[in-house]
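See below for the structure under consideration.
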Amino acid sequence: MKRLHTHSQHFLRNPQYVKELIGHTTIKRTDIVYDIGAGTGIISSVLASRCKEVIAMEIDPRTAATLRQNTASYQNITVMEGDFLAMDLPATPYKIFANIPFHLSSAILRKITEDFNSPLASYLIVQKQFANKLLPDHGGFSSQLGMLLGIRFSIRIRKRLKRTDFWPFPNVDTVLIEITLRDQPLISRELQPAYCKFIETHFTVPELFAKLPLSQIGKTRVVKPSSLTLSEWLTLFHLTH
């Protein structure tokens, strides 16, 4: 997981603002929280006063050295140097709060949602456009990833950020999203593999998508897969299985 300072990761400038963002989460004193791409430790340092333990993960050796120096006085911060995408996730309950590299948003999201022990809740700062495509009933364009995750996870935007909240300033709008496991999945565990194959196939093979009973959800054959909501995909799946 390579860090690209110039265009991929933009760091929050103000610890007080980080504290405000954490206030929009369910993070509490008894939680273990992972900070992915921790940088020099601004988020980790604020988390340390709000939870039981912080695991600050950083891939760049020089930045990790600074991170260790900046967090040395915190007894409940552990610095892990390495590639998050190559690391094993914990077997015990945990949460995530992180300002992740934008170009790795999909890869990170897939890792934490496909793992056998997904976090109880994840709070990620991502591009607004990326976040909107994850929302189940978006009113715009959806992504294949969003429709795959939606059956097991509830995803919502908790806070919209300003470009001036970061340094360097990003060229895109950003938001804080919340990802939590649903109490009950929208599709039974037995049918989930079939649903995932259904979504992947019909997002990538236009000819098969056109053969779906789109008229039964009030759509014409000229629509695109990305124009359907999660509810519509679920209806189509049940109509064909």
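Please list, ordered by first then second residue, the pairs with beta carbon atoms under 6 Å, 6 or more apart or interchain, first in the stretch 47-58 and within 12 Å of Tyr34 (Cβ to Cβ), second polar (S, T, N, Q) and modelled with pLDDT of 95 or more. Once the first residue is within 12 Å of Tyr34 (Cβ to Cβ) and sits in the stretch 47-58, its partners that are polar (S, T, N, Q) and modelled with pLDDT of 95 or more give Glu53/Asn76; Val54/Ser44; Ile55/Thr78; Ala56/Ser44. Can you pull out every residue in the stretch 195-220 that is outside any loop (DSSP other than H, G, I, E, B) and surrounded by fewer than 15 Cβ atoms within 10 Å (Cβ to Cβ)? Passing the criteria: Lys197, Glu200, Thr201, Thr204, Pro206, Glu207, Leu208, Ala210, Ser215, Gln216. Residues that are in the same structural domain as Thr174 (by TED's automatic domain parsing), surrounded by fewer than 18 Cβ atoms within 10 Å (Cβ to Cβ) and small (Gly, Ala, Ser) number at least 2 in the following helices (runs of 4 or more DSSP H) confined to the stretch 51-135: 105-114.
Scanning the stretch 139-183 for residues that are among the polar types (S, T, N, Q) and either under 17 Å from the mean Cα position of the chain (by Cα) or not assigned by TED's automatic domain parsing to the domain that holds Asn99 (or both) yields Ser142, Ser143, Gln144, Ser154, Thr174, Thr180.
Residues in the stretch 176-193 that are touching a Phe, Trp or Tyr at 6+ places or on another chain (Cβ under 8 Å) and outside any loop (DSSP other than H, G, I, E, B) were compared, and the one that is surrounded by the most Cβ atoms within 10 Å (Cβ to Cβ) is Ile177.
The values are calculated or read from the model by the stated rules, or taken from the named source; none is laboratory data. Everything numeric here is computed off the predicted structure, so don't read it as measured data. In this analysis, Cβ positions are derived from the backbone assuming ideal geometry, glycine residues included, and neighbour counts consider all displayed protein chains.
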